[in-house]
Amino acid sequence: MKKSVFSSFLLLLFATNVFCQISWQTDFEQAKKTALKTGKSILIECFHPDCSHCQVLNQNLKNPELSKYLNDNYTNMKIDLTNQSQVKFLEERNIRLINYPVFLFFDDGGKLQYFLEPKETVEEIIVQFEEERGNNCLECEKRVNATLNENVKCAIFYRLLKDQDKGNAINNKIFESLEESEKASLGSWNIFKKVVFSPNNMFFQFWIKNHVQAASLEGNSNKEKDAFASIIQMHAKFLENKDVYPKWELDSLHAYLAKLGADEKRRLSWLWGLELNYYLNSKDYNSAKNLCRKMTFIYPDANTYSFLSEKINAKVEGVEMYDYFLEIKDKWLAGLRDPKHKSAYFIQAAQYYNKSGQKIECVNSLNQATQFGLSISDKNTFIQKYCK
C-alpha cells in the first residue's frame, strides 16, 4: 500500500514537471500547421549559449508559470545561434539579428509580425507579453501619431528584416520628430545606434556630419567609429547582394570612411568587392584591372589573386579579363603553398582558359588540379562544366 501511494506520488510529480515544461516544436512547417489549427501564433526564442542574458532567460523559461503561459498562448520554437542549420532559417527569411536573446513572432502563414527583447525576471516577462500581446509591426512606418518609442520599435523591426526602403522611411520620420535641441543629444545618438542600418537617411547624414560630437558622446573611445562602420558594412553587403547599383553609392561609402579617418588601404579592405562588382557589371574592364593591380600592390599575397579571380570568373563570361590572368598567373601560383589552394588555382585557371576558347588548356589545368587533391569525379564534372 505504501509502495502504491509512493509510486502514485512519483507519477504525479513527474507529470507535473512534464506539464510545466515548454512544448518546443522542432520543424517550422509543422509549427505553422499547429498554429493554424490552434490559433496560437508561432513564437521563436533566438539565443546564444555563451550569452549571459540568454542563460538567464533559459533558466526563466523553466519556471512553471512562464512555461504554462507560453504553452497556453503560443506555438513555441527556439533557435540556437551557434547551430548553422538553425541559423539558416533566419538567413532564408532575410532576418538579421542585432541583439539577443530575442523573441520573434510569426503568424500561421510564417510571416514575421513582431519581436520582443525579453526582460530579466519571470514576472516582468509575463507582464511584457501581456502588454504587447497581439501587437505587430507590419506597415508600422505608415502609422499616424505613433509615439517615439513606437517608431523606434518599428525601425528596429525593419532593421531585423534588412528592409532598407522602409527602414530609411521610418528613420527619417524619427529624425524629423526630434526637436532641434534634441538632434545632437545623447538620447538621439543612442536611438541612432539602435535603428539606423543604411546611410541613405537624414539620421545618418546628420550624425556622420557631426561625427566629432558623436565621438565626444562616446568619451572619445572610438566607439562611434564602430557604429558608423557597422552601418557602412551592412550597406556595402546590401549593395553587393543587389548586384546593380549607381556609382554614387560606392563613392559615398568611400567618402564616409575617409571622413572617419580610414586610409586607402583600409577603405579598399572594406569595399574592394563592391567596387570590383561595380566595374565588372558596368563592363568597365580597364578600371577593374587597375583596381585588381592596386589590391595586389597593397595586399601582395597569393590569396589576394584568388579572391579577385573568384569574383572575376563569377561575373565575366567572355575573354575580357584573360590578359589580366596572363599577367598574374605565374606570381599567383608561385605564392601558393597549401595543396588545396593550388587545386583551387588550377580550377580558376581552367575557367579563364575556357572563356578565352582554349579548351585543351582548360582540360590540362583540371588534370593538374588532381595532383593537389581534386578527385577524378570532380575533375570530370568541371570538364563538362567549363571545357566543353
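The values are calculated or read from the model by the stated rules, or taken from the named source; none is laboratory data. Just so you know, these numbers come straight off a predicted model, no measurement behind them. Reconstructed Cβ throughout: ideal geometry from the backbone, glycine too, with neighbour counts over all protein chains shown.
Quick one: how many residues across segment 143-165 are of a type in the set (K, R), on the phi < 0 side of the Ramachandran plot and surrounded by fewer than 18 Cβ atoms within 10 Å (Cβ to Cβ)? Spell out the reasoning first.
To start, the set of residues in segment 143-165 that are of a type in the set (K, R) comprises 143, 153, 159, 162.
Adding the requirement that they be on the phi < 0 side of the Ramachandran plot leaves 143, 153, 159.
In the following step, the residues that additionally are surrounded by fewer than 18 Cβ atoms within 10 Å (Cβ to Cβ) were identified as 143.
Within segment 143-165, residues that are of a type in the set (K, R), on the phi < 0 side of the Ramachandran plot and surrounded by fewer than 18 Cβ atoms within 10 Å (Cβ to Cβ) number 1.
Tell me the residue from L326, L336, L366 that is closer than 17 Å to R293 by Cα and either among the small types (G, A, S) or without any contact (Cβ under 8 Å) to a residue 40 or more places away in the chain (or both), please.
Values: L336 fails: closer than 17 Å to R293 by Cα; L366 fails: closer than 17 Å to R293 by Cα.
Step by step, each of L326, L336, L366 is checked, and only L326 is closer than 17 Å to R293 by Cα and either among the small types (G, A, S) or without any contact (Cβ under 8 Å) to a residue 40 or more places away in the chain (or both).
Out of curiosity, is K2 modelled with pLDDT of 90 or more and not small (G, A, S)? Spell out the reasoning first.
Numbers: modelled with pLDDT of 90 or more: no; not small (G, A, S): yes.
For K2, the condition - modelled with pLDDT of 90 or more and not small (G, A, S) - is not met.
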Residues satisfying the stated conditions in segment 202-240, i.e. small (G, A, S) and either under 22 Å from R159 (Cα atoms) or touching an Asp or Glu at 6+ places or on another chain (Cβ under 8 Å) (or both): A214, A215, A227, A229, S230, A236
May I ask you to verify whether K331 is part of a helix (DSSP H, G or I) and more than 27 Å from L239 (Cα to Cα)? yes
Spot the failing condition for E264; the list is (1) surrounded by fewer than 17 Cβ atoms within 10 Å (Cβ to Cβ); (2) farther than 30 Å from Q213 by Cβ, and only one is missed. (2)
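Does Y256 satisfy the condition of being within 25 Å of R96 (Cα to Cα) and buried (at least 19 other Cβ atoms within 10 Å of the Cβ)?
Working: within 25 Å of R96 (Cα to Cα): yes; buried (at least 19 other Cβ atoms within 10 Å of the Cβ): yes.
So Y256 passes the test.
Has segment 123-143 got at least one residue that is aromatic (F, W, Y), under 21 Å from S41 (Cα atoms), out of contact with any Lys or Arg (no Cβ under 7 Å at 6 or more places or on another chain) and at pLDDT below 90?
Residues of segment 123-143 aromatic (F, W, Y): 129.
Still in the running and under 21 Å from S41 (Cα atoms): 129.
This time we only want the ones that are out of contact with any Lys or Arg (no Cβ under 7 Å at 6 or more places or on another chain), so: 129.
From what is left, the residues that are at pLDDT below 90 are 129.
Checking segment 123-143: at least one residue is aromatic (F, W, Y), under 21 Å from S41 (Cα atoms), out of contact with any Lys or Arg (no Cβ under 7 Å at 6 or more places or on another chain) and at pLDDT below 90.
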What residue, among those in segment 26-82 that are among the aromatic types (F, W, Y) and within 19 Å of R93 (Cβ to Cβ), is surrounded by the fewest Cβ atoms within 10 Å (Cβ to Cβ)? F28
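Of all helices (runs of 4 or more DSSP H) completely enclosed by segment 242-320, which ones contain at least 1 residues that are among the small types (G, A, S) and closer than 26 Å to Y386 by Cβ?
Hits in segment 242-320: 264-281, 285-298, 302-315.
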